[in-house]
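This report refers to the structure that appears directly beneath it.
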Amino acid sequence: MRVRLTAVVLAGVLAAGCSSGTGPAPSSMPDMPDTNGTGTAVPHLPTPPAPSPNPLPGMPPVPDPHDVDAAAGAGLLSPAVVGDKPLVYVPHSGSGDVWVIDPATFRVVAKYPAGKELQHVVPSWDLRTLYATDDRGDHVLPFDPKTGLPGKAFPVVDPYNMYFTPDGRYAISVAERLRKLVWYDPHTWQAHDETPTPECAGIDHADFSPDGRTAVFTCEFAGRVAVVDVATHRLLRMVDMPHRNTRMGPQDIKLAPDGSVYYIADSDANGLWVLDAAATKVLRFIPTGRGAHGLYLSRDAKQLYVTNRHEGSISVLDAYTGAPLTTWHIPGGGSPDMGNVTADGTQLWLSGRYDRVVYVLSTKDGALLAKIPAGNEPHGLCVWPQPGRYSLGHTGITR
């Protein structure tokens, strides 16, 4: 969530998070039945849901029910993005600008003033536009990925984060400050309707069910998630976490490749809650590291990368079972936040939220390949181009 701390406070308080204020010290691991006494998660193999006989109309068909992300594998670039410039777009919440990095040289090649509090750079559903979201300025700034140049900003209500429905029909502004979702026509950017979420304080990140009919949004300041019907825009239910952290609680969320569960990063819990496929109940907890925040899949969808922002590490889990595989530590520590994997799958790019840097890590062994100086509070950076047929939003969730 948004951070409004001075540079002095940021330098001295690693416990500060995306939320306003400094937040408490991270809590201990919740007592859940599916962990052993050593703090290691016991692998859990839920039954993947059967392919839906009634997917969301207009959504591209799922090519592989065992891997909903199969179309976003290494090198599977859509013809729409083949001519796009390979660039990394870094929005800064503190300085209100977007820096552009050449991934071949690790050098900053451009800086663009973009607003008051830039949060994420979000690919459009058709992969043809990148949107830098400014929640305090109530607007987005579009970038042309073919040239890397910005266009003209236009108004959007409180776009802390932004997603696109799997059928491409709507853009969803995640209005964190106002506790609601605002549904837009992504071509005219006229607001269509709204979904109030009054019990979802800190509405934040989202992911979609394999059939595209359900969206699950995290509520960072309420310790729960909001489950929304995509077709009707209706709030279906709220699901509480077993321990409701309400300062820096549920953050990023990621569907398992086979659609069997949702993984929910909880910064104060220092790990992941595992939500069932129907989004009705929490099954267990997986400890990772202090300040669990961002979730990204490897290009073969076999590994799940978890950024532990308060301890400067990345946990690598089996994406299907949640079993821990290894942990990568950033030399000298750091604050890995949001980002993505490169199109070829060899690098993981992450913003260093409290350290004014961008990290580039090898997905082979976690080696730090580069630490690139950035602006004030780099946040939801976008690595472009991305494989896949269409984008669901955020920093580049593609399927």
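The values are calculated or read from the model by the stated rules, or taken from the named source; none is laboratory data. No experiment lies behind these values; they were computed from the predicted model shown. Neighbour counts run over all protein chains shown; Cβ positions are idealised from the backbone, glycine included. Areas reflect the complete protein model, heavy atoms only, side chains present, ligands, DNA and RNA absent. Shrake-Rupley method; radii C 1.70, N 1.55, O 1.52, S 1.80 Å.
Whenever a residue of the range 190-217 is at negative phi and crowded, with 19+ Cβ neighbours inside 10 Å, its partners that are among the hydroxyl-bearing types (Ser, Thr, Tyr) and assigned to a loop (DSSP other than H, G, I, E, B), lying with C-beta atoms within less than 6 angstrom and at least six residues away or across chains, give the pairs 203/197; 211/52.
The rows are residues; the columns are (1) in contact with a His (Cβ under 6 Å, 6 or more places away or on another chain); (2) under 22 Å from residue 215 (Cα atoms); (3) open to solvent by less than 10 Å² (accessible area, probe 1.4 Å).
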position: 266; (1), (2), (3): no, yes, yes
position: 278; (1), (2), (3): no, yes, no
position: 285; (1), (2), (3): no, yes, yes
position: 297; (1), (2), (3): no, yes, no
position: 301; (1), (2), (3): no, yes, yes
position: 305; (1), (2), (3): no, yes, yes
position: 308; (1), (2), (3): no, no, yes
position: 312; (1), (2), (3): no, no, yes
position: 318; (1), (2), (3): no, no, no
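In this structure, does residue 371 turn out to be of a type in the set (Lys, Arg) and in a loop (DSSP other than H, G, I, E, B)? No; evaluated as a whole, the condition is false for this residue.
For the range 354-388, the candidate set comprises residues that are crowded, with 17+ Cβ neighbours inside 10 Å and among the polar types (S, T, N, Q); within that set, the residue that is farthest from the chain's Cα centre (by Cα) is 363. Screening 45, 77 for residues that are aliphatic (A, V, I, L, M), at pLDDT 95 or above and either in contact with a Pro (Cβ under 9 Å, 6 or more places away or on another chain) or open to solvent by 50 Å² or more (accessible area, probe 1.4 Å) (or both) leaves exactly one candidate, 77. Please enumerate the residues belonging to the range 242-298 that are within 27 Å of residue 50 (Cβ to Cβ), not charged (D, E, K, R) and not in a strand (DSSP E or B). Once the filter is applied, which keeps residues that are within 27 Å of residue 50 (Cβ to Cβ), not charged (D, E, K, R) and not in a strand (DSSP E or B), the range 242-298 yields 256, 257, 259, 260, 277, 278, 279, 280, 298. Residue 142 falls short on exactly one of the conditions (1) part of a strand (DSSP E or B); (2) within 20 Å of residue 205 (Cα to Cα), and that condition is (2). When every residue of the range 113-124 is checked against the conditions, at least one turns out to be open to solvent by 50 Å² or more (accessible area, probe 1.4 Å), out of contact with any Pro (no Cβ under 8 Å at 6 or more places or on another chain), among the charged types (D, E, K, R) and closer than 22 Å to residue 220 by Cβ.
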